[in-house]
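Peer 1: So that we are looking at the same thing, I have put the structure below in structure tokens.
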4 protein chains.
Amino acid sequence: MLNVGIVGAAGYTGEALIDILLGHPEVRITSLSRRSAQTSNICDIFPQFAGRLDLSVGPVDLKQLKAKCDAVFCALPHTASMELVPKLLSAKKKVIDLSADYRLKDTRVYRKFYNVTHKDAANLKLAVYGLPELYRNKIKGASLVANPGCYPTAALLALAPLVGLGLADTSSIIIDAKSGTSGAGKKAEESLLFSEVHGDCKAYKVNAHQHMPEIDQVLSRIAQKKVRVVFVPHLLPVKRGILATVYARKSSKAKNRPAIQLFRKFYKKEPFIRVRKEGDFPRLADVQGTNFCDIGIKEEKDCYIVIAAIDNLVKGASGQAVQNMNIMYKFPETLGLL
Amino acid sequence: MLNVGIVGAAGYTGEALIDILLGHPEVRITSLSRRSAQTSNICDIFPQFAGRLDLSVGPVDLKQLKAKCDAVFCALPHTASMELVPKLLSAKKKVIDLSADYRLKDTRVYRKFYNVTHKDAANLKLAVYGLPELYRNKIKGASLVANPGCYPTAALLALAPLVGLGLADTSSIIIDAKSGTSGAGKKAEESLLFSEVHGDCKAYKVNAHQHMPEIDQVLSRIAQKKVRVVFVPHLLPVKRGILATVYARKSSKAKNRPAIQLFRKFYKKEPFIRVRKEGDFPRLADVQGTNFCDIGIKEEKDCYIVIAAIDNLVKGASGQAVQNMNIMYKFPETLGLL
Amino acid sequence: MLNVGIVGAAGYTGEALIDILLGHPEVRITSLSRRSAQTSNICDIFPQFAGRLDLSVGPVDLKQLKAKCDAVFCALPHTASMELVPKLLSAKKKVIDLSADYRLKDTRVYRKFYNVTHKDAANLKLAVYGLPELYRNKIKGASLVANPGCYPTAALLALAPLVGLGLADTSSIIIDAKSGTSGAGKKAEESLLFSEVHGDCKAYKVNAHQHMPEIDQVLSRIAQKKVRVVFVPHLLPVKRGILATVYARKSSKAKNRPAIQLFRKFYKKEPFIRVRKEGDFPRLADVQGTNFCDIGIKEEKDCYIVIAAIDNLVKGASGQAVQNMNIMYKFPETLGLL
Amino acid sequence: MLNVGIVGAAGYTGEALIDILLGHPEVRITSLSRRSAQTSNICDIFPQFAGRLDLSVGPVDLKQLKAKCDAVFCALPHTASMELVPKLLSAKKKVIDLSADYRLKDTRVYRKFYNVTHKDAANLKLAVYGLPELYRNKIKGASLVANPGCYPTAALLALAPLVGLGLADTSSIIIDAKSGTSGAGKKAEESLLFSEVHGDCKAYKVNAHQHMPEIDQVLSRIAQKKVRVVFVPHLLPVKRGILATVYARKSSKAKNRPAIQLFRKFYKKEPFIRVRKEGDFPRLADVQGTNFCDIGIKEEKDCYIVIAAIDNLVKGASGQAVQNMNIMYKFPETLGLL
């Protein structure tokens, strides 16, 4: 049995992690902590775990983490994560970090989008970007995995075949993404109140969202040239799920190659990618509560429209984190996730 | 034209008041204020008013209220209201107070349910409870109207005929009420987040809600004896609306008198009460955005089931406040409300 | 491995059954059928099962059911069920019937509430009412289990201790229940459209719902006298979940016995009942997606208020059906359900 | 007073028309009809109108329409409309048609997208496309106005300045639109059930929606060359509202001209267009229940992102129909709409 700790257990990704790990046959949750100073039983925060888990959640306690855990999931807000992660790594723990702190390789970009200076450049270099469909081999040997953002997961899985196979004009990529509210976390903000969000829909951080450079970074690596996408996120009156509608013009290499087949081939061995049939597009309901990313493709004469759906708390966060853990510890990749 | 001010204009009842008053032919909104120290244009807070109203909202300014208003709507949280109201009354303004501060005649009960000592016993005595269907005549001459709470409005309109005509056993009254989230105001609380409320329903303040003594007070007055109801409010994943399902055993006087006819007669001249046909019950959609209270009645051998629906922000707050203003200023009672 | 068939697999309870059974280590789904004449792959109906189940769903085929199944879950609409069940029982299959056809022992009551004459009185006599918390021993040896309705499950679990221990005045029971829309099934009716239900709440079948006699039947058996409840169901803008708020006056036997402790004792060994602490009440979110029934209790001087929450598709239908299967086949009762 | 009839009064656009016209000081509703053979009082269909309107709704009765109406709003499904409209025009009635039947000038395109042959080519030629911001002068003298589709209204108001002023590369236009469910009408379809739509979001008719040629037709007219947009509509779990997020590359003419100012100038005299400030984008809540179209603009080095929000039942249907009526009858254009 692998002993794991969850730091940041009181938020939505923490909750989803607990739920998944309770069903994982090779894992024992041994430590829960959160940022608040208050200590309480996890079931007082999440009554649905009553009868399934009996652990207290208190402030982060490094000693406890060292003593009780082999691996730690860090579900802290960005900046808080890079305070803790170096200490865990020093103590020889494997870390799967769900914050943004170890995703952007360029610390200037990090500063621009997160308004703080990066403090842990050393580990940033070692961190592996935890998108298994692209970086499985590196994840296998990693001590620190930077679990991808929810939007980048959906967008990159929709775009990787187009860019990787050279089908798309990389200067023309537009990502119109729609997300449920749990992506914003459990923050008591007026704009996230039920009375504000119910019956509403809006764009926000229009072409300025902090997940944009993360997408650009990976696509640039794939394309081996600078790629800059247009990215507009929208807030849906939905708790869980991301739908990314991606538009790209065809490149000259794209002619005469049916995209659905190419996507199928590209993702042939992937247990969590389901490419839909011609004319069939995913909806959030198809993936909510699962670690799947469903992808539908419409190919026009000059362009592609690719629609990817994930559950932002599972494939977009906690499920993907467990998938990464499975890879790191050589468990079957789908263990606890189907 | 009557010049009115709205104190507490940035909340949901303030918003609803502005919306209604902009369509009122005899009223001009001349002053808007709120509790926060920040000053901004009302359209920065509520973009939907752009092109319809151009006023700034700043902290409460007594001088401005005195200079510019004939009447003031006070949509402040309780306790804040009783600080301001005496000053407005001294300045000879008529006040319609939407807080709980002037509703409970017994200051000990007020202290018990609101956890503060009442500071304005003098005006409390003069305040008229603003439920037009019961107290229209007193409202006509009032300087200070205590606008009823949203739950009491629905519950009392469902119960007034039963208790007033002696049909119900007053010891058996149960009110199972369901409310939309705007009743809780625009407060950034975790429990009111979209991610928490969406897809959920729960009871809260079970038989301990602060609106319970307000209901008891009015029913006791009607029954001319002490009445204590059982009252369980529930939070719905809905923005606007209250559905009150009321249960009461029949009294000995009830036999052989068909309740629907008695309700129809009781509310015969009421412009905002609609008693439904046999077997027909209101839903929230029938009253949302209106000042109506729709009532459906099911009469069993031994008991009554009465279901009342209102929009908590209109008949349960701002609409009823305007109805009270119409009565106080001798405008037609439905002016601006149909 | 137990081979099971699901008849009525294309509806919401069928979907929930498949989802649960795919995670059950002792079960193999070998047959899926539905009422429509159309045959298709289950993943064309429920894309979320792609990669997890590959079976076709066609019209009910008795031969196939006989050849491939040990046990059959019947998730047909009432009246359709009693056509098929006798044939399955003749073929020595065990049947868990999720319809209402085998719940009401009195065929006159059945006719009154379902508007059809019962056609299978013989098996009706043998059917065991599948509420494990009350009838576990009978379920063990049953060939035909009548799986309880969703409202009765919630209401009876809230009321069984009160009535069973003689705490409540059985003439005073009021059940104010709130249900999500999946309880109405996947029927294309105008009143169930998103545009109608969203933002709305209403009572329906006020004190006339077909689940009322089912509740009365069980409570009468427990009380050993005729019990008739008042029952008002409401439709919530929620997909899954039932919240039953139950009111009862105390009987003379009730004095001085703290209800929470009595409930705890009553349900001591029950793996799916969670009695909440004093002052703590369940919300739908606590039980959605689970087979738990969470119960909160408020005890007043003269009455009890008991609030029970279940997921109508799990404990209120498919989860309870699997719980019954576990009991019938001597699997651990929680297998596949935690 | 203008006497108007509404044909198709039982649907969502009919309901919105009644609501608006009841508040219009120059209009009297004299006839209501619908497609069903059933006759009932309008308040049995829409209880919210009780006390405000007392008219029966029966099958379409040409005689009654001729006798009682000056103008007729036709809110029938497409194809049903072109059966009735010629008869109304022959009887010298002015008609505002809310169906798609008189919008597409090319009957081959109509056949392709609506799967029926057009039957009224004569009146099709005379019909004026009722988008006041573009065709006000023609509407003034029209006998038959083809009220625009909901998606085209939002998309065209976002695009008209870009295309009209030559700012956009017309080969690059992408419209990612999100709509509430009332746009699909009051049809009892499984895919529109609350249980299906709640918590979900999906694309549909991907680049194949029947509103696409309507957008192409108007943009081609404005650009004076063939324009073909990419158009992907999405279904939101919302009753009312459309958010259109529009992307276009800049043309060579675009350089150095700040788009917000150009939009402001373009819509200077428009009472229902509100161009937002830099960095400010509309949400559905800003326009729900109103006839406004709010527009936010983000200008990048190479492209524009324009976001338009409307209420699909008001500016996208019934409100715009009343705006057209106001223009046709020389009432102030905003009468009954503010």
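The values are calculated or read from the model by the stated rules, or taken from the named source; none is laboratory data. Because the structure is predicted, anything quoted here is derived from the model rather than measured. Reconstructed Cβ throughout: ideal geometry from the backbone, glycine too, with neighbour counts over all protein chains shown.
Peer 1: Is at least one residue of segment A:24-33 within 16 Å of A:K186 (Cβ to Cβ) and of a type in the set (S, T, N, Q)?
Peer 2: Checking segment A:24-33: at least one residue is within 16 Å of A:K186 (Cβ to Cβ) and of a type in the set (S, T, N, Q).
Peer 1: Here are the criteria: (1) closer than 27 Å to C:R240 by Cβ; (2) within 22 Å of the chain's Cα centre (by Cα). Tell me which single one C:E83 does not satisfy.
Peer 2: (1)
Peer 1: Residues B:V85, B:V109, B:V95: which one is out of contact with any Gly (no Cβ under 7 Å at 6 or more places or on another chain), farther than 30 Å from D:T290 by Cβ and part of a strand (DSSP E or B)?
Peer 2: Exactly one residue qualifies, and that residue is B:V95.
Peer 1: Separate question: Could you tell me whether segment C:24-35 includes any residue that is within 14 Å of chain A (Cβ to nearest Cβ) and loosely packed, with under 15 Cβ neighbours inside 10 Å?
Peer 2: Taking every residue of segment C:24-35 in turn, at least one turns out to be within 14 Å of chain A (Cβ to nearest Cβ) and loosely packed, with under 15 Cβ neighbours inside 10 Å.
Peer 1: Are any residues in segment D:247-263 buried (at least 17 other Cβ atoms within 10 Å of the Cβ) and modelled with pLDDT of 95 or more, and if so, which ones?
Peer 2: D:Y247, D:A248, D:R249, D:K250, D:S251, D:A259, D:I260, D:L262, D:F263
Peer 1: Among the residues of segment A:112-143, write down those that are among the acidic types (D, E) and in a loop (DSSP other than H, G, I, E, B).
Peer 2: Selection gives A:D120 alone.
Peer 1: Moving on to the next point. Filter segment C:92-123 down to residues that are surrounded by 15 or more Cβ atoms within 10 Å (Cβ to Cβ) and small (G, A, S) and give me whichever is nearest to C:L17 (Cα to Cα).
Peer 2: C:S99
Peer 1: Yes or no: D:H234 over 29 Å from D:K269 (Cα atoms) and modelled with pLDDT of 95 or more?
Peer 2: For D:H234, the condition - over 29 Å from D:K269 (Cα atoms) and modelled with pLDDT of 95 or more - is met.
Peer 1: So B:C201 passes all but one of these: (1) among the hydrophobic types (A, V, I, L, M, F, W, C); (2) closer than 26 Å to B:T290 by Cβ; (3) touching a residue at least 40 places away in the same chain (Cβ under 8 Å); (4) at the interface with chain C (Cβ under 10 Å from one of its Cβ atoms). Which condition number does it fail?
Peer 2: (3)
Peer 1: Separate question: If a residue must be in a loop (DSSP other than H, G, I, E, B) and away from chain C (no Cβ under 13 Å), how many such residues does segment B:278-295 contain? Reasoning before the result, please.
Peer 2: So in segment B:278-295, the residues in a loop (DSSP other than H, G, I, E, B) come out as B:278-282, B:288-292.
Now narrow it down to the ones that are away from chain C (no Cβ under 13 Å): B:290-292.
Number satisfying all stated conditions: 3.
Peer 1: Which condition from (1) basic (K, R); (2) under 22 Å from the mean Cα position of the chain (by Cα); (3) more than 27 Å from C:S191 (Cβ to Cβ) is the one that D:K225 breaks?
Peer 2: (2)
Peer 1: Also, quick follow-up: Please find, among B:K298, B:K239, the residue that is part of a strand (DSSP E or B), among the charged types (D, E, K, R), within 14 Å of chain C (Cβ to nearest Cβ) and on the phi < 0 side of the Ramachandran plot.
Peer 2: Only one candidate qualifies: B:K298.
Peer 1: Here's something else I'd like to know. Just a yes or no: is a residue in segment D:156-173 more than 30 Å from C:R240 (Cα to Cα), of a type in the set (D, E, K, R) and either within 14 Å of another protein chain (Cβ to nearest Cβ) or under 15 Å from the mean Cα position of the chain (by Cα) (or both)?
Peer 2: Yes, that holds for at least one residue.
Peer 1: Looking at A:V230, is it in contact (Cβ under 8 Å) with a residue 12 or more places away in the chain, surrounded by fewer than 24 Cβ atoms within 10 Å (Cβ to Cβ), within 13 Å of chain D (Cβ to nearest Cβ) and over 15 Å from the mean Cα position of the chain (by Cα)?
Peer 2: Details: in contact (Cβ under 8 Å) with a residue 12 or more places away in the chain: yes; surrounded by fewer than 24 Cβ atoms within 10 Å (Cβ to Cβ): yes; within 13 Å of chain D (Cβ to nearest Cβ): yes; over 15 Å from the mean Cα position of the chain (by Cα): yes.
Against the criterion (in contact (Cβ under 8 Å) with a residue 12 or more places away in the chain, surrounded by fewer than 24 Cβ atoms within 10 Å (Cβ to Cβ), within 13 Å of chain D (Cβ to nearest Cβ) and over 15 Å from the mean Cα position of the chain (by Cα)), A:V230 qualifies.
Peer 1: When you look at B:A71, is it touching a residue at least 60 places away in the same chain (Cβ under 8 Å) and surrounded by 16 or more Cβ atoms within 10 Å (Cβ to Cβ), yes or no?
Peer 2: For B:A71, the condition - touching a residue at least 60 places away in the same chain (Cβ under 8 Å) and surrounded by 16 or more Cβ atoms within 10 Å (Cβ to Cβ) - is met.
Peer 1: Tally time: how many residues in segment B:14-59 are more than 27 Å from D:I273 (Cα to Cα) and either touching a Ser or Thr at 6+ places or on another chain (Cβ under 9 Å) or in a loop (DSSP other than H, G, I, E, B) (or both)?
Peer 2: Going through segment B:14-59 one residue at a time, the tally reaches 7.
Peer 1: Yes or no: D:A155 within 25 Å of D:E270 (Cβ to Cβ), crowded, with 24+ Cβ neighbours inside 10 Å, of a type in the set (A, V, I, L, M, F, W, C) and modelled with pLDDT of 95 or more?
Peer 2: yes
Peer 1: Pull up segment C:242-254, narrow it to residues that are over 24 Å from B:I305 (Cα atoms) and in contact (Cβ under 8 Å) with a residue 12 or more places away in the chain, then point me to the one that is farthest from the other protein chains (Cβ to nearest Cβ).
Peer 2: C:K253
Peer 1: Answer yes or no as to whether D:L338 is at the interface with another protein chain (Cβ under 10 Å from one of its Cβ atoms), touching a Gly at 6+ places or on another chain (Cβ under 6 Å) and either crowded, with 19+ Cβ neighbours inside 10 Å or farther than 20 Å from D:D176 by Cα (or both).
Peer 2: So D:L338 fails the test.
Peer 1: In segment C:301-329, how many residues are under 19 Å from C:F266 (Cβ atoms), within 14 Å of chain A (Cβ to nearest Cβ) and not in a strand (DSSP E or B)?
Peer 2: The number of residues fulfilling the criteria is 1.
Peer 1: Out of the residues in segment C:179-198 meeting the condition of being of a type outside the set (S, T, Y) and within 24 Å of B:K277 (Cβ to Cβ), tell me which one is nearest to the chain's Cα centre (by Cα).
Peer 2: C:A184
Peer 1: Kindly provide the set of residues from segment A:86-109 that are within 17 Å of the chain's Cα centre (by Cα) and under 24 Å from A:D216 (Cα atoms), ordered by number.
Peer 2: Matches in segment A:86-109: A:I96, A:D97, A:L98, A:S99, A:A100, A:D101, A:Y102, A:R103, A:L104, A:K105.
Peer 1: Could you please let me know if C:T181 is of a type in the set (S, T, N, Q), within 29 Å of A:F194 (Cβ to Cβ), in the same structural domain as C:K226 (by TED's automatic domain parsing) and touching a residue at least 40 places away in the same chain (Cβ under 8 Å)?
Peer 2: Values: of a type in the set (S, T, N, Q): yes; within 29 Å of A:F194 (Cβ to Cβ): yes; in the same structural domain as C:K226 (by TED's automatic domain parsing): yes; touching a residue at least 40 places away in the same chain (Cβ under 8 Å): yes.
Judged against the criteria, C:T181 is a match.
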